[in-house]
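Colleague: I'd like to ask some things about the structure below.
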Amino acid sequence: MAKFGNYDVENMEVLCGLGKAISSPERVEILQLLYDKSLIIGEIARQMNLPASSTAYHLKILEQAGLIRMEEQPGTRGGQKLCTRKVDHAIIDLVRKDINIDEVYSVEMPVGAYSRCEVTPTCGLCTTDGTIGNEDVEYFFYTPQRFKAGMLWTSSGYVEYEFPNGVPKGKKPKKILISMEICSEAPGYREDWKSDITLWINGRECGTFTCPGDFGKRRGRLTPPCVANGSSQYGLQTAWEIQQKGTFINGEQVSMICAEDLDLDGAPYITVRIGNKPDAVYIGGFNLFGKNFGDYNQDIVLNIEY
């Protein structure tokens, strides 16, 4: 599979290092030698008909530019360095970005793509074709079929997702917005069944939304025929917004947790947990509605402004 290296004008030292690395015919030829195999320095020197010292110098420049990797390997006479090419295609961005304009990273997570969970009956998962396995059996929350679910429900507990973190390293998140369609979970449905639903990001409790009920008096706008009347049909579109001044739920401030408190910088993923705290006033469970269910045709959406 092709390997890409990204270089931009804002990181001038790295970009100039790339220019230096590919300015020498010898170094370009070394990259060609390493196209489909790894070689030790001595093998490269022999094939290039260069002194070992000159070869080592060229390889050091290529390594500093991020074009190759050198790893120490045991040899018959001590250690030796094995050289491997890291980049097949160099992408160069020469446009300086306006620092006064914010960027936005966005990703949508299917409701069944959680990484861990804790559920209690009444509970279950549903696709547009019907229930996955049997209702109220926790086992089915761990089957591979869960990734197809567009709706899930549990009387208590949580589901936790690992969202990819697409914010470039070194960039500071200013605002995190997580939105979903959600409601309480009662047997059948109860419009007055309250539930305190809490959101955690990277283990930090951000805020609790008290949902007024489990809604089933009418069918959801998108709810498929496999979901019977007399059961949960739709939820409320609910948004947790973590800003620099605190956390807001549907525009109302609920805590002082700020974007900088969430340790997002440089991490490859972001954990998002949705659930009832064991000591909540209303442990009323929750229904999560994804695409093709409920009233809103969306899964769980994460937006990060940086």
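What follows draws every value from the coordinates through simple rules; no lab data is involved. Predicted model, so just to flag it, every value in this text is computed and none were measured. Cβ: placed from backbone, ideal geometry, glycine included. Neighbour counts: every protein chain shown.
Colleague: Would you work out which of 51, 11, 161 lies farthest towards the positive end of the dipole of the chain, given +1 charges on the beta-carbon of Lys and Arg and -1 on that of Asp and Glu, about the Cα centre?
Modeller: The residue sitting farthest along the positive end of the dipole is 51.
Colleague: Given bins 20 angstrom wide, list per bin the percent of all Cα-Cα distances in the chain, short to long.
Modeller: 28, 37, 27, 8, 0
Colleague: Using the Cα centre as the reference, give the magnitude of the dipole from point charges on the C-beta atoms of the chain (Lys, Arg: +1; Asp, Glu: -1; all else neutral), rounded to the nearest 20 debye. Intermediate results must be reported in sequence, preceding the final value.
Modeller: Working: 32 positive and 40 negative charges, 168 e Å.
Computed charge dipole of the chain: roughly 800 debye.
Colleague: Tell me whether region 193-290 comes out rounded, prolate or oblate; compute the Cα gyration tensor, take square roots of the eigenvalues as a ≥ b ≥ c, and use a/c under 1.5 as the rounded threshold.
Modeller: Details: a/c = 2.32, a/b = 1.90, b/c = 1.22.
Since a/c reaches 1.5 and a/b is larger than b/c, the shape of region 193-290 is classed as prolate.
Colleague: In region 139-237, which GluC sites (Glu not before Pro) fall in coil by DSSP and have 16 or fewer other Cβ atoms within 10 Å? Before the final figure, lay out each step's value.
Modeller: Details: sites: 160, 162, 181, 185, 191, 205; in loops: 185, 191.
Passing both the DSSP loop test and the Cβ count: 191.
Colleague: Taking the Cα atoms only, what angle lies between the long axis of helix 52-64 and the longest principal axis of the chain, rounded to 10 degrees?
Modeller: That helix lies at roughly 30 degrees to the long axis.
Colleague: Among the DSSP beta bridges whose two residues both lie in region 4-93, what percent are antiparallel, rounded to the nearest 5? Write out the running numbers ahead of the final one.
Modeller: On the way: 10 of 15 bridges.
Antiparallel bridges make up about 65 percent of those DSSP assigns within region 4-93.
Colleague: Can you give the direction-averaged projected area of the convex hull of the alpha-carbon atoms in region 244-306, in nm²?
Modeller: Values: hull surface 25.4 nm².
Across all orientations, region 244-306 yields a mean hull projection of 6.3 nm².
Colleague: Among the aspartates and glutamates, select those whose C-alpha is under 13 Å from the C-alpha of residue 174, and discard any that sit fewer than 8 residues away in the same chain.
Modeller: Partners found: 102, 103, 241, 260, 261, 263, 265, 305.
Colleague: Can I ask one more? Using label points projected 7 Å from each Cα along Cα→Cβ, tell me how many nm separate residue 4 and residue 33, to one decimal.
Modeller: 3.0
Colleague: Report, as a whole number in µm² per second, the diffusion coefficient that Stokes-Einstein gives for region 4-93 at 20 °C and 1.002 mPa s using the Kirkwood radius over alpha carbon pairs.
Modeller: Working: Rh = 13.5 Å.
Calculated translational D: 159 µm²/s.
Colleague: Mind putting a number on the dipole of region 4-93 about its Cα centre? Charges go on the C-beta only, +1 for Lys and Arg and -1 for Asp and Glu, and I need it in Debye to the nearest 20.
Modeller: That gives region 4-93 a dipole magnitude of about 440 debye.
Colleague: Further question: Between the alpha-carbon centers of region 184-259 and region 114-169, tell me the distance in whole angstrom.
Modeller: Using only Cα atoms to place each centre, the spacing works out to 16 Å.
Colleague: Something else: Going down the table (86/171; 37/81; 3/172; 172/245), which pairs top 22 Å between alpha carbons? Before the final figure, lay out each step's value.
Modeller: Working: 86/171 24 Å; 37/81 14 Å; 3/172 27 Å; 172/245 15 Å.
Over 22 Å apart, Cα to Cα: 86/171; 3/172.
Colleague: Shifting gears a bit: For the chain, modelled as a Gaussian network with Cα springs under 10 Å, which listed residue fluctuates most, 177, 18, 50?
Modeller: Taking springs between Cα atoms under 10 Å, the residue moving most is 50.
Colleague: Determine the dipole magnitude for region 196-306: charges of +1 sit on the beta-carbon of Lys and Arg, -1 on that of Asp and Glu, nothing else is charged, the reference point is the Cα centre, and the result goes in debye to the nearest 20.
Modeller: Working: 9 positive and 13 negative charges, 139 e Å.
Roughly 660 debye for region 196-306.
Colleague: What is the angle, in °, between the Cα long axis of helix 12-21 and the longest principal axis of the Cα atoms in the chain? Nearest 10 is fine, range 0 to 90.
Modeller: Helix 12-21 and the main axis of the chain meet at about 40 degrees.
Colleague: Cut-off under 17 Å on the C-alpha distance; same-chain residues fewer than 8 positions from residue 277 excluded. Which aspartates and glutamates are left, in chain and number order?
Modeller: List returned: 118, 160, 185, 196, 205.
Colleague: As a check on your grasp of the helix formula, calculate [θ] at 222 nm for the chain: sum -39500 (n - 2.57) over DSSP H runs of n ≥ 4, divide by the residue count, round to the nearest 500.
Modeller: Details: 4 runs with 40 residues, N = 306.
Mean residue ellipticity at 222 nm (helix-derived): -4000 deg cm²/dmol.
Colleague: Quick one: what Rg and Dmax do you get for region 143-204 from the alpha carbons, in Å?
Modeller: 15.7, 48
Colleague: Among all the aspartates and glutamates, which ones have a C-alpha under 19 Å from residue 60's C-alpha, if same-chain residues fewer than 8 places away are not counted?
Modeller: Result set, ordered by chain and number: 13, 26, 29, 43, 71, 72, 88.
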